[in-house]
1. How big, on average over all directions, is the shadow cast by the Cα convex hull of the chain, in nm²?
2. Gain in length, residue 46 to residue 31, computed as 0.36 nm per residue apart minus the alpha-carbon separation, to one decimal in nm?
3. Which Cα, out of 15, 33, 58, lies furthest along the positive dipole direction of the chain (beta carbon charges, K/R +1, D/E -1)?
4. Counting only other residues whose beta carbon sits under 12 Å from that of residue 51, what net charge do I get with K and R as +1, D and E as -1?
5. Only helical DSSP H runs with n ≥ 4 go in: add -39500 (n - 2.57) per run for the chain, normalise by residue count and round the 222 nm mean residue ellipticity to 500 deg cm²/dmol.
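Bear in mind that the values in this text are calculations on the coordinates, not laboratory data. All of these numbers come straight from a predicted model, not from anything done at the bench. When we count neighbours, we look across all protein chains shown, and the Cβ atoms used for this are built from the backbone with ideal geometry, even at glycine.
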Amino acid sequence: MTFHTSTAPHLFQELVDERIRGLQREAAEHRLASRVANANKARKRAARATAALQAALSRL
């Protein structure tokens, strides 16, 4: 298969653009996963704090 010289730069730019979009999608997925992990950690901390508070109140 041969390419015209005017087509090759266009195809290269398409590949570059697709790679950038892929990296942006990957970064967005990473940010979402990080937010979910942080929310889970916060939920666990809140549960531990609630348990500690209930234990302290039961000793009164």
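1. Reported value for the Cα convex hull: 4.8 nm².
2. Values: separation 15, 0.36 × 15 = 5.40 nm, distance 2.24 nm.
Length gained, residue 46 through residue 31: 3.2 nm.
3. Comparing the listed Cα positions along the dipole, 58 ranks first.
4. On the way: positive: 44, 45, 48; negative: none.
So the surrounding residues net to +3.
5. On the way: 1 runs with 52 residues, N = 60.
Result for the chain: -32500 deg cm²/dmol, rounded to the nearest 500.
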